[in-house]
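**Student:** Submitted below is the structure of interest, expressed as structure tokens.
Values in this text are rule-based calculations from the coordinates and carry no lab data. Computed from a predicted structure; not experimentally measured. Cβ placement follows ideal geometry from the backbone for every residue including glycine, while neighbour counts extend to all protein chains displayed.
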Amino acid sequence: MIKMRDVHKTYANGVTALNGITIDIDQGEFVYIVGPSGAGKSTFVRLMFRETKPSEGSITINDVDMSNMKEKNVPFLRRNIGVIFQDFKLLSKLTVYENIAFALEVIEESPRNIRKRVMDVLELVGLKNKARFLPDELSGGEQQRVSIARAIVNHPKIVIADEPTGNLDPETSWGIMRIFEEINAQGTTILMATHSKEIVNTIKKRVIAIEDGLIVRDEHRGEYGYEV
Amino acid sequence: MKFRTMKRHLREGIKNIFRNGWMTVASVGAVTTTLLLVGAFLALMLNLNHMADGLEEEVQIDALIDRTATEDDIQELRDKIQEIDQTGSVSFSSKDDQLDQLIEDMGKEGNTWKMFEQDNPLSHAYVVKAKNPADTEALAKKIGSLENIQEVNYGKDVVNRLFTFNEYARNIGIVLIAGLVFTAIFLISNTIKLTIMARSEEIGIMKLVGATNGFIRWPFFIEGMLLGTLGAILPVTAVLTGYYYLDHSISDKITYDFVELLPFSPFAWQLSLIIVAIGAFIGVWGSVMSVRKFLKI
């Protein structure tokens, strides 16, 4: 489903982030992306939803070639991919409900469907009683759950998470991971860049390690492999 | 676009007005200030223009006809005058008409002129107006050179000075209004840019969940239009009331024909419409131009 072939990325300031990445990720997989800071994990993740383009090489997702994709088609690609960030990226002036509904308004869903799907997903992440709250009125873990809810409310085939537990305490992190496992069990591909040794070593999944812009390790049910 | 999406954009545009609190106040304030200036200035310029036009309309050429001219000569003369390119209208004024006019103009003293009614010393005349009042001088010269014309009168110096003045007044007015509108657009688009800058993150998030540029732009478009229109409320009120009082007080006190303001209705309404249109335009322009920058993510 995700195919990267010899992907290079050099930024305008001359920094090379990726140095020839080739990888295949199948539908329904759960993949951790690990590696030291500055190794290229974030770039790897950002290429997936076309926040940045590769300098060389090709990326295809569901047989759509993203490297040559026209700018006007990018929004439609993104609707099939849910993205979750370390800093949540919620719209601070919208309520929890509105933040999640926004992802459905974009695809012109009917109001009735929007209502139903938002409430369903809020139930899944356990925030049904906080629908009318503003993001600032929630704890970090709750905000992250809102951003997960927003990412999955469209039923995307892929969920990409860039250090989703980076700002959260351990207990809250486990709660987040349970949600990911649940989504994954329903067949959604999950790509998660992380620095958490505990998570990677406890919930065993495929591990791709990136160092200096290259894949140095790719193991099923792998270990985190770095000292914290 | 689906109708409910349009409704959504409208709703979001209106909500944003409230969500952005002080930024909304700042933008509306900027629009209000400039529209007040533009409105007052437009009212002044258009009225000056109107007065100038009125004065120009008054400019006419009295072409006195030789007393020796026969009926046929007079008829022929009319055709010749009409053949000149610059000629607008030609009307005949017999010497009796002119005497009556003179007696009327002189008021009480006019009675002394009544003794001439039996033996009128005046000449028949053609009263000619140029198509374009600015051509009056050239036209008068041409008419003066025709046969059977005794004399041409058109208040040469006054007319020339009037035209020079009107031309300056118009040009300066156009330049000033254009400058004012550009300043307004610049000022407002900067204010709106600030409000959008604060929202660049918001736009980024919209793009990440797969919103198309059009989808993001619409609420901003509507918000800009509303900001501009809101900013026009005070200037329109000021123009309507101010002009109403001005119209009433000046018309009562000044009796010169040419110092006549454009009538309150429809002028004040038209001006209000123009102010609202300018407000809406700069609001939309400012916000759409500013949002464009942030759409390239």
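**Student:** In nm, to one decimal, how far is the A:Thr16 label point from the A:Lys197 one, both placed 7 Å along Cα→Cβ?
**Tutor:** About 3.0 nm, to one decimal.
**Student:** On to the next question. Could you tell me, in Å, what Rg and Dmax come out for the Cα atoms of the protein assembly as shown?
**Tutor:** 39.2, 129
**Student:** So which trypsin sites (Lys or Arg not before Pro) in the stretch A:30-109 are both in a DSSP loop and have at most 11 other Cβ atoms within 10 Å of their Cβ?
**Tutor:** When the trypsin sites (Lys or Arg not before Pro) of the stretch A:30-109 are filtered for loop state and at most 11 Cβ neighbours within 10 Å, A:Lys70 remain.
**Student:** Summing +1 for each Lys or Arg and -1 for each Asp or Glu, what net charge is found among the other residues whose Cβ lies under 15 Å from the Cβ of A:Gln186?
**Tutor:** Around A:Gln186, the surrounding residues sum to -2.
**Student:** Going by a ≥ b ≥ c, the root eigenvalues of the Cα gyration tensor, does the stretch A:1-104 fall in the rounded group (a/c under 1.5), the prolate group (a/b larger than b/c) or the oblate group?
**Tutor:** Taking the square roots of the gyration eigenvalues as a ≥ b ≥ c, the stretch A:1-104 is prolate.
**Student:** Taking 7 Å along the Cα-to-C-beta vector as the label spot, tell me the B:Asn132-B:Phe182 distance in nanometres, rounded to one decimal.
**Tutor:** The two pseudo-label positions are separated by 2.6 nm.
**Student:** How crowded by other chains is A:102-110, given as the mean number of beta carbons from other chains within 10 Å of each beta carbon?
**Tutor:** What the average comes to for A:102-110 is 5.
**Student:** Let me ask something else about it. If eta is 1.306 mPa s and T is 10 °C, what Stokes-Einstein diffusion coefficient results for the stretch A:2-219, Kirkwood Rh from Cα pairs, in µm²/s?
**Tutor:** Estimated diffusion coefficient is 89 µm²/s.
**Student:** Working only with C-alpha atoms, what are the Rg and Dmax values of the stretch B:60-153, expressed in angstrom?
**Tutor:** 14.2, 41
**Student:** Right, next: Return the subset of A:Lys70/B:Lys15; A:Lys93/B:Lys193; A:Lys9/A:Lys197; A:Lys130/B:Lys15 for which the Cα-Cα distance in this structure is over 29 Å, preserving the input order.
**Tutor:** Over 29 Å apart, Cα to Cα: A:Lys70/B:Lys15.
**Student:** A further question on this structure: Based on the alpha carbon coordinates of the stretch B:27-81, what radius of gyration and maximum Cα-Cα distance (Dmax) apply, in Å?
**Tutor:** Here Rg and the maximum Cα pair distance are 24.5, 75 Å.
**Student:** Right, another one. Once the Cα gyration tensor of chain B is found, what semi-axes does its equivalent ellipsoid get, as square roots of 5 times the eigenvalues, in whole Å, sorted largest first?
**Tutor:** Ellipsoid semi-axes (Å, largest first): 62, 21, 15.
**Student:** While we're looking at this one, here's another question. Pull up all non-local amide H partners of A:Val159: gap of 5 or more, or a different chain, and H-to-H distance under 5 Å with H placed in the peptide plane.
**Tutor:** Amide H neighbours of A:Val159: A:Gly82, A:Thr189, A:Ile190, A:Leu191.
**Student:** Could you list B:Phe264, B:Phe294 in order of exposure, starting from the residue whose Cβ has the fewest other Cβ atoms within 10 Å?
**Tutor:** So the ranking, lowest neighbour count to highest, is B:Phe264, B:Phe294.
**Student:** Hey, another quick one. Starting from the alpha-carbon convex hull of the stretch B:133-226, give the projected area averaged over all orientations, in nm².
**Tutor:** Spelled out: convex hull of the Cα atoms, projected over all directions, averaged, 10.7 nm².
**Student:** Oh, and also: What number, in percent, do you get for the relative contact order of chain B if the mean sequence gap of Cα pairs under 8 Å and at least 6 apart is divided by its residue count?
**Tutor:** Computed over chain B, the figure is 31 percent.
**Student:** Search the structure for amide H atoms under 5 Å from the amide H of B:Gly88, placed 1.01 Å from N in the peptide plane, and list their residues when 5 or more places away or on another chain.
**Tutor:** Under 5 Å from the amide H of B:Gly88: B:Lys129, B:Ala130, B:Lys131.
**Student:** Count the net charge of all other residues whose Cβ sits under 14 Å from the Cβ of A:Ala131, scoring Lys and Arg as +1 and Asp and Glu as -1.
**Tutor:** +3
**Student:** What number comes out for the charge environment of A:Glu56, summing +1 per Lys or Arg and -1 per Asp or Glu over other residues with Cβ under 11 Å away?
**Tutor:** Result for the neighbourhood of A:Glu56: +2.
**Student:** Also, I was wondering about something else. Given a cut-off of under 8 Å on Cα pairs at least six residues apart, what relative contact order in percent is computed for the stretch A:2-219?
**Tutor:** Here the relative contact order equals 31 percent.
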